[in-house]
């Protein structure tokens, strides 16, 4: 069947990325990854402390998704005619909520990992700077998730809502520190996750300033 006259053809990758079921699948699959070292390819390191393995994995996925969703806007600005960039930008809310979901699961796994029946242990954990930054990240993502609905935009007003959601960048900075300080990831891996986002944001700012002249 030939495309409608006058309607530009869309590439297959862009069509796939526009579809919510595809994005849902891509969001859920990382959560299933911990099953791999147990049921598919046994890994003694993961099996030795499964909760710790899951804890670290969930934190990694949350960081990747947070960096990814923040990259959608600079990608759209830098490549405004890119079908891929436009398709990804349609799912900012969904991917952002996904980042919060994994962060919440990561926090839950952390509580289960350190909880020994006494809240004193949790209190001691919260005295650690990296734990406080992790909790602050979770709170920010919670606020952004709650206010991601259209009703919140109408209630807060577009300008206030936009300013509020800029806290996502603070959340990314806190998450990067949390992961590096906790040694859940080697600092170099943190750079690999958040470094591209920093480069894209700098390029976006430079481009927008040039266009404003």
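Just so you know, all these numbers are worked out from the coordinates, no wet-lab data involved. It should be emphasised that the depicted structure is a prediction, and the values quoted were computed from it without experimental measurement. Positions of Cβ are backbone-derived with ideal geometry, glycine not excepted, and every protein chain shown enters the neighbour counts.
Observations, loosely collected:
- Taking 192, 24, 155 as the candidate residues, the one with maximal mean-square fluctuation in a Gaussian network model of the chain, Cα springs under 10 Å, is 155.
- Taking the chain and dividing mean pair separation by its residue count, relative contact order in percent (alpha carbons under 8 Å, at least six apart): 23
- For the chain, a Gaussian network of Cα nodes joined below 10 Å ranks 171, 62, 19 by mean-square fluctuation, and the top entry is 19.
- Amide N proximity, segment 66-86 versus residue 152 label position 7 Å along Cα-to-Cβ, cut-off under 19 Å: 66-73
- In the chain, Rg over Rh equals 1.02, where Rg is the alpha-carbon radius of gyration and Rh the Kirkwood radius from pairwise Cα distances.
- Per-residue Cβ neighbour rank within 10 angstrom, fewest leading, 124, 159: 159, 124
- Segment 94-143 - Debye-derived log10 I(q)/I(0), Cα point model, q = 0.18, 0.28, 0.31 Å⁻¹: -0.59, -1.08, -1.17
- 154, 76 arranged by Cβ crowding within 10 Å, fewest neighbours leading: 154, 76
- 222 nm mean residue ellipticity, helices alone, for the chain (DSSP H n ≥ 4; -39,500 (n - 2.57); rounded to 500): -25000 deg cm²/dmol
- More than 13 Å apart - percent of Cα-Cα pairs taken over segment 163-213: 65
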